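Chemist: Encoded as structure tokens, here's the structure I'll be asking about.
The values are calculated or read from the model by the stated rules, or taken from the named source; none is laboratory data. Only a predicted model underlies this, so the values are computations on that prediction, with no experimental measurement involved. Note that each Cβ is placed from the backbone with ideal geometry, even for glycine, and that neighbours are counted across all protein chains shown. To get the accessible areas, we keep the full protein, side chains included, count just its heavy atoms, and leave off ligands, DNA and RNA. Shrake-Rupley method; radii C 1.70, N 1.55, O 1.52, S 1.80 Å.
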Amino acid sequence: MARVQEWYGPHTSTAAEWPLDALLLAKGTTTVSVVLPARDEERTVGDIVRVIRRDLVERTPLVNEILVVDSNSTDATAARAAAAGARVVAQDAVLSQLPPLTGKGEALWKGLAATSGDIVVFVDADLRDFGAHFVTGLLGPLLVDPDIQFVKGAYERPFTGADGVPRRGGGGRVTELVARPLLNMFWPELAGFAQPLGGEYAGRRAILEQVPFVTEYGVEFGLLVDLLELAGLDALAQVDLGTRAHTHQSTTALGRMAGQILQTAWSRLERQGRLFTAEPPAHTLLQFGLDGQADLVDVAVAERPPLASLVHEEDVA
Ligand SMILES: O=c1ccn([C@@H]2O[C@H](COP(=O)(O)OP(=O)(O)O)[C@@H](O)[C@H]2O)c(=O)[nH]1
Ligand SMILES: O=C(O)[C@@H](COP(=O)(O)O)O[C@H]1O[C@H](CO)[C@@H](O)[C@H](O)[C@H]1O
């Protein structure tokens with residue numbers, strides 16, 4: 001990872017380079033919010049919240065608030081998160097005067113709106129073997145270097161199949177097959193990010209409120225491209241957090257995710273004046289299952305405007 005910085009940027013470090021005592025000193029009056037978007041994560045959300053609360057709230061006051069955004073869960077996600085010590089909000093209850101949108105990007109935007117920390121850390125709620133270093137690693141560059149605005153986690157991503165045996169390097173399928181080639185083709189300055197789609201990242205509120213949030217699974221791709229344009233590569237960093245294991249979706253679900261990411265990339269190429277089309281791309285995706293089954297799905301994405309643009313007090317409840 002260290003060689004990456006020499007060749008491609010961005011600023012690259014490891015979680016171990018950001019020890020907790022140094023972060024506590026650097027924190028000063030800076031406040032920190034951790035936001036976990038969670039849809040049907042009852043099995044894992046509680047453990048993640050408990051670790052953050054125990055290690056980074058109770059033992060050492062690094063984190064000021066932990067928010068779980070219940071993203072229309074149908075299981076006990078909200079109850080498990082609350083029992084573990086998180087504040088929980090229903091995704092559609094935040095800024096409820098606005099028509100609700102859907103997906104992970106909506107959950108994250110609502111989480112940003114419903115918290116107040118100067119720095120916001122986003123952590124997926126389906127992680128296994130989560131450690132507090134995920135949060136401290138992401139906070140390090142932001143608490144120590146005022147020029148850094150946004151930090152992505154980097155990690156090895158094992159793939160755990162139906163047999164329950166994790167295999168090194170098999171995870172991040174949409175990253176390897178879609179996002180990385182796209183970024184290298186059109187945004188090569190971002191080629192040095194090992195995990196552009198990773199769900200663990202942190203940023204200064206002041207900059208996160210200046211960019212739109214793409215809904216669904218386009219949010220990570222959109223944020224990286226938009227923040228590069230707004231802040232420049234020198235304001236972006238990545239921190240090696242070790243290994244990240246999570247609950248995997250099916251290939252069919254990742255096909256939809258890939259479609260959403262392609263829609264997001266297309267929108268940014270158009271917005272940046274690099275692509276001109278007679279008509280917008282289709283956003284339907286015909287997927288073929290087994291036994292002749294076929295499903296026509298919609299991979300359209302929408303986007304929430306920069307939070308800062310909701311200038312009227314009544315817009316930000
Ligand atoms: O509509 C959604 C979809 C996903 N998520 C959450 O976003 C994170 C990443 O989603 P997922 O695990 O489905 O994506 P993957 O990691 O498989 O790419 C998880 O905490 C999900 O619970 C969410 O809050 N709302
Ligand atoms: O990186 C990827 O390819 C996908 C799927 O990962 P796996 O192949 O299931 O390990 O996972 C990420 O992508 C999503 C879209 O950006 C993010 O929202 C997830 O947090 C992230 O896990």
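Chemist: In segment 76-94, what residues are open to solvent by less than 50 Å² (accessible area, probe 1.4 Å) and over 20 Å from the mean Cα position of the chain (by Cα)?
Modeler: Correct list: 76, 84, 85.
Chemist: Check segment 78-89 and report whether any residue there is touching an Asp or Glu at 6+ places or on another chain (Cβ under 8 Å), part of a helix (DSSP H, G or I), farther than 27 Å from residue 18 by Cβ and within 9 Å of ligand 1 (Cβ to nearest atom).
Modeler: No, the conditions are met nowhere in segment 78-89.
Chemist: Can you tell which of 124, 92 is under 27 Å from residue 78 (Cα atoms), part of a loop (DSSP other than H, G, I, E, B) and acidic (Asp, Glu)?
Modeler: Going through 124, 92 in turn, the sole match is 124.
Chemist: Now for a separate question. What's the total number of residues in segment 152-179 that are among the aliphatic types (A, V, I, L, M) and open to solvent by less than 20 Å² (accessible area, probe 1.4 Å)? Give the derivation first.
Modeler: Within segment 152-179, the subset among the aliphatic types (A, V, I, L, M) is 154, 162, 165, 174, 177-179.
Now restrict to residues that are open to solvent by less than 20 Å² (accessible area, probe 1.4 Å): 154, 174, 179.
The total comes to 3.
Chemist: Quick one: would you say residue 209 is more than 14 Å from the chain's Cα centre (by Cα) and within 13 Å of ligand 1 (Cβ to nearest atom)?
Modeler: It is false that residue 209 is more than 14 Å from the chain's Cα centre (by Cα) and within 13 Å of ligand 1 (Cβ to nearest atom).
Chemist: Return the residues of segment 54-75 that are within 20 Å of the chain's Cα centre (by Cα), open to solvent by 70 Å² or more (accessible area, probe 1.4 Å) and among the charged types (D, E, K, R); say none if nothing qualifies.
Modeler: Selection gives nothing.
Chemist: Within the set of pairs 6 or more residues apart or between chains, which connect a residue that is touching a residue at least 24 places away in the same chain (Cβ under 8 Å) and in a loop (DSSP other than H, G, I, E, B) inside segment 59-72 to a residue that is among the polar types (S, T, N, Q) and open to solvent by less than 40 Å² (accessible area, probe 1.4 Å) with Cβ atoms less than 8 Å apart?
Modeler: As it stands, the answer is 62/136; 63/33; 64/33; 71/91; 72/91, since those pairs meet every condition given.
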